Amino acid sequence: MAVPDPLIVIFGAKVESTGVPSAALRRRIQSGLEAARQFPLAPMLCTGGCAGTGPSEACVMAGALVAYGIEADRLILDESSQNTRENIAAAIRHVELAGSPFVIACSDPYHLPRVRMMLWLHGVSSRSGPVAAGLHPAPLRHRIVMSLRESLAIPAYLAIFLASRLGNRP
């Protein structure tokens, strides 16, 4: 029996008011594209809703991936997620439905430790998506600010997760 393909998950980021992906979203799309080339049969979950008016993050991702030659039938759009926690919940649902052996998480390097921790806490194996070649990394100031944000978000999510587990004890 063949082993199922992993689930490639591209985590959402800002869509500009003009409907084009932000630099962060472009980096994440490129990471997903590289992962899709490594796993040509793997389904791809595009996550992210609308932050206001305009297209959802998932819809913008899907449009870009199709423009790069990814078959539309590989794409699963989660247009309702508004944050990383909801992205993770969507990924877990799709892993369980498809029986995927692991997730390839496509996001910025500062975001991946929290994403992978959250998946692990829910029993889902993961790998970091490939770093897209040819794209400039986020500016240093942005990386510092986001790394500080993540340094607070990781223990906060861990505390929430543990409290929810302890609250479910008999």
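The values are calculated or read from the model by the stated rules, or taken from the named source; none is laboratory data. Keep in mind that this is a model prediction, so the values were computed, not measured. Cβ: placed from backbone, ideal geometry, glycine included. Neighbour counts: every protein chain shown. Side chains included, ligands, DNA and RNA excluded: accessible areas come from the protein's heavy atoms. Shrake-Rupley method; radii C 1.70, N 1.55, O 1.52, S 1.80 Å.
Just a few scattered comments:
- Within the stretch 1-23: backbone nitrogen closer than 18 Å to the V145 label point (7 Å, Cα to C-beta): 13-17, 22-23
- Mean separation of Cα contacts under 8 Å (6+ apart) over length of the chain, as relative contact order %: 25
- Think of a 1.4 Å ball rolled over the protein heavy atoms: the chain then has 54 Å² of accessible area per residue.
- Rounded to 5, the percent of DSSP beta bridges in the chain classed as antiparallel: 5
- Rounded to whole numbers, the Karplus 3J(HN,Hα) couplings from phi for the stretch 92-106 are 4, 4, 6, 4, 5, 5, 8, x, 5, x, 6, 10, 9, 8, 10 Hz, using 6.51 cos²θ - 1.76 cosθ + 1.60 with θ = phi - 60°, and x at Gly and Pro.
- Here is the tail figure for the stretch 38-116: Cα pairs spaced more than 19 Å apart come to 38 percent of all pairs.
- Cut-off under 5 Å, modelled amide H: who pairs with G12 long-range: T47
- Backbone HN-Hα couplings from phi across the stretch 80-88 [Karplus 6.51/-1.76/1.60, Hz, Gly and Pro as x]: 9, 5, 10, 7, 4, 4, 6, 4, 5
- In this simple spin-label approximation, L41 and V131 carry label points 7 Å from Cα along the Cα→Cβ vector, and these lie 3.1 nm apart.
- Ordering of 71-78, 112-119 by burial proxy (mean other Cβ atoms within 10 Å per residue, highest first): 112-119, 71-78
- Total formal charge among the other residues, if their Cβ is under 15 angstrom from that of I144, Lys/Arg +1 and Asp/Glu -1: +1
- Annotation: amide H of S126 within the under-5 Å range of V103, sequence separation 5 or more or interchain, hydrogens built in the peptide plane.
- Label zone at L97, where the point sits 7 Å out along the Cα-to-Cβ direction: the stretch 4-31 residues whose backbone N lies under 20 Å: 4-12
- For the stretch 1-142, with all protein chains in place and a probe radius of 1.4 Å, 58% of the accessible heavy-atom surface sits on carbon or sulfur.
- Cα coordinate range in the stretch 1-134, projected on the principal axes (Å, largest first): 46, 30, 27
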